[in-house]
Structure formats: C-alpha cells, structure tokens
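K.L.:
Submitted below is the structure of interest, expressed as structure tokens.
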C-alpha cells in the first residue's frame, strides 16, 4: 500500500479528533457549555480563499502567490456540511452564517444554501441562513442566493473613499462595485442588509460620518451600518491597541451630526449594541469586542472549511470533525462527541484580554487561528 500524503495546508491547524463518549448523549436542543452558554449560532467557512488582501485579515505579505491554500479534497462537501448542520441544529442552533475567506468564491454555493434551507429546528422552524461577503461578486449572485433560501446578507465595507478602499483591500478593487452589490441585494429581498465597517485608527476613522450619512440617506432603514473595533484576530495582521478606536468615540462622532437613541437587543448574545436615529431614519450598530467584551453571552461555534470546530474566534485549538465524518461515525456518535466538546467550553478570551497589562503578549496560550480561515 502507498503512503497517505497529507497536504501541508491541512497541518496548518492540526486538531485532535473529538472522543465519542462511552455513554451516548442525546440532542435535546438545550446544550450548554461550562459557563451555561447555549449553542445557538453556527458560522460555517466554505472556503479559505479570498480575492481581497485586506491588511487586518489577509495581508498580502503573508497571503502571497506562494501561500498554500487547502486543496479541494480537504474541503467539506456540501453533503458533509449539511449533515453536520443537522446535528448542530438538533443541539439548539437556530442561525447559520456562511463565511470564508470569501464564501461567494465557492462554486455552486446556491446548492448548499438550498440544502440548508430544508433543515428545520426541533420546533419545526426554518433556520435563519445568512452570509458574510466582501460584496465583490454580490451583484451577480444576489438573486440566485435569495432564490435558494438565503435570508440576509452582511457586506464588509471599510470606507466610501475609493482611494482608501482600494488601499485597504490591496487589490485595487473599486468601491462602486461593492455598492452595486448592496443595491442588488436590496432588490433581491435580502434586506435588512448589514454593512460591517472595521474602524482602524489612523487609516479610515474619517470615513465614519460619510458612511453613516450614505447608508442613512440612501436606504431608508434597509441597511444597518455596524462599526467594529479593530480586533486582534489571528497572528498576521500586526494588531496594536493604539490602532483601536473605541466604539464610544465612534458614537460621539455620530452624535455630533444626529440625535441617537439606544435600542434593546433583539436576541440574547447579540454582538452589536444598537442605536437608532431619533428621526426614525434607520439604525447603526457598535461591536466593541476590544473595549466591552461580550464573552458571557457568546453562543457561537465556528466550523472551518475542512471541518475543524472552533469554540472561539480567538481560539488556538480546534476539534477535527471531518475525521469523524469520514471514519464512518454515525450521527448518534457525532451528536455525542459534539455535546461533550461544547459542554467543556470555557473560552472567554476577550474578557481575559481586558484584564491584561497593555504590554502583555498579544496571543497568550499559543498562535491564534486566522480570521480568514474560520470567518468573522
């Protein structure tokens, strides 16, 4: 017999295979982790590739033409993703977000969405299926995505100034094409659309008010702009605390132009603090993962494109579900293994980071997984 060759890319985040408990653990929809947090939200990365090279996610210096991405044979098939999704839903997941890399680069993604749209929760409700994209090909795909069963879309956009946007995506991609994609998504019925702006001090903070004005005036509440503090995700973006603009200062800048009123969260575990314009012209969100950690309500799990389960965006270790899938494990076996993994979850990196001195190492506990690998 010939030796099995494992691509180096597969070893980048080597992970143990979860043990199957001796005593089966049935899915009740009420699974809780070690801190009492339920499992409600599953982020699924469908590709580790992206056509942008944003400095805070996939800097060109690291992800250059020689970078080795995962081979097609390593990726979970749509059928494998759907099988795992059914097990996660049985444990309580109600929302699935497809991410990347850039998820719209995965061929025939509409077929996966159609499969996921058929899944029902134990109560018989359809899933909330969403997708995060850089918007580069959204104009071409919006109608097909909606027809397949996608409910909503989130677009990453860090500025309206074309020169700044081209510099931030580092592939000279025009902002007009992303804005066209947002228009197409609205027309396809994927609203309310969320637009995520990562605010990096010294780079794009002067775009805060122009971004707010554009989406407030143009879409009449169909687009929710969310400002995200620049996070220390992964190990390749050179994150520094002095480049973080706290959300409180973002809000101050907005209130210099408009009266703002706070809104209550729509669901438990919501990451964004919500504010609406007092005149009723829509709302904005503030995601303060650096200055106001929200670990205590985090109900999200993340599945990488080749089937590794991560329990935190800042994790250093995953759990290899692909090997379980491809070793012949039954659904009952995987259900039990997943229950045991989640029950042992105690991750709260952002809360712990907040208590560290300013000169503490950026990645206590080991090298963190890259955001481009498991999605945001």
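K.L.:
For residues that are in contact with a helix residue (DSSP H, G or I) (Cβ under 6 Å, 6 or more places away or on another chain) and buried (at least 19 other Cβ atoms within 10 Å of the Cβ), scanning just the stretch 213-226, find the one that is farthest from residue 287 (Cα to Cα). Full working, then the answer.
P.N.:
Looking only at the stretch 213-226, we keep the residues that are in contact with a helix residue (DSSP H, G or I) (Cβ under 6 Å, 6 or more places away or on another chain), and these are 222-223, 225.
The next check asks that each one be buried (at least 19 other Cβ atoms within 10 Å of the Cβ); those that pass are 223, 225.
Values: 223: 16, 225: 11 Å.
By that ranking, first place goes to 223.
K.L.:
Write out, first by first residue and then by second, each pair whose Cβ atoms fall under 8 Å of each other, whose residues are 6+ apart or on separate chains, and whose first residue, in the stretch 74-99, is closer than 11 Å to residue 41 by Cα while the second is surrounded by 19 or more Cβ atoms within 10 Å (Cβ to Cβ) and at pLDDT below 95.
P.N.:
97/375
K.L.:
Something else about it: I'm trying to understand the selection: among the residues of the stretch 6-20, which are surrounded by 13 or more Cβ atoms within 10 Å (Cβ to Cβ) and modelled with pLDDT of 95 or more?
P.N.:
Filtering the stretch 6-20 for residues surrounded by 13 or more Cβ atoms within 10 Å (Cβ to Cβ) gives 7, 9-10, 12-13, 15, 17-18, 20.
Correct list: 17, 18, 20.
K.L.:
Which members of the stretch 251-272 meet the condition of being at pLDDT 95 or above and either crowded, with 16+ Cβ neighbours inside 10 Å or not in a loop (DSSP other than H, G, I, E, B) (or both)?
P.N.:
Once the filter is applied, which keeps residues that are at pLDDT 95 or above and either crowded, with 16+ Cβ neighbours inside 10 Å or not in a loop (DSSP other than H, G, I, E, B) (or both), the stretch 251-272 yields 251, 252, 253, 254, 255, 258, 260, 261, 262.
K.L.:
Can you tell me which of (1) out of contact with any helix residue (DSSP H, G or I) (no Cβ under 7 Å at 6 or more places or on another chain); (2) closer than 23 Å to residue 216 by Cα; (3) assigned to a loop (DSSP other than H, G, I, E, B) is the one residue 130 doesn't meet?
P.N.:
All conditions are met except number (3).
K.L.:
Okay, moving on. Suppose the filter is over 25 Å from residue 55 (Cα atoms), over 21 Å from the mean Cα position of the chain (by Cα) and part of a loop (DSSP other than H, G, I, E, B); does residue 189 pass it?
P.N.:
Yes, satisfied.
K.L.:
Just to be sure I understand the filter: pairs with C-beta atoms under 8 Å, separated by 6 or more residues or on different chains, first member in the stretch 256-279 and at positive phi and in contact (Cβ under 8 Å) with a residue 12 or more places away in the chain, second member crowded, with 17+ Cβ neighbours inside 10 Å and in a strand (DSSP E or B). Which pairs pass?
P.N.:
269/41; 269/300
The values are calculated or read from the model by the stated rules, or taken from the named source; none is laboratory data. All of these numbers come straight from a predicted model, not from anything done at the bench. Reconstructed Cβ throughout: ideal geometry from the backbone, glycine too, with neighbour counts over all protein chains shown.
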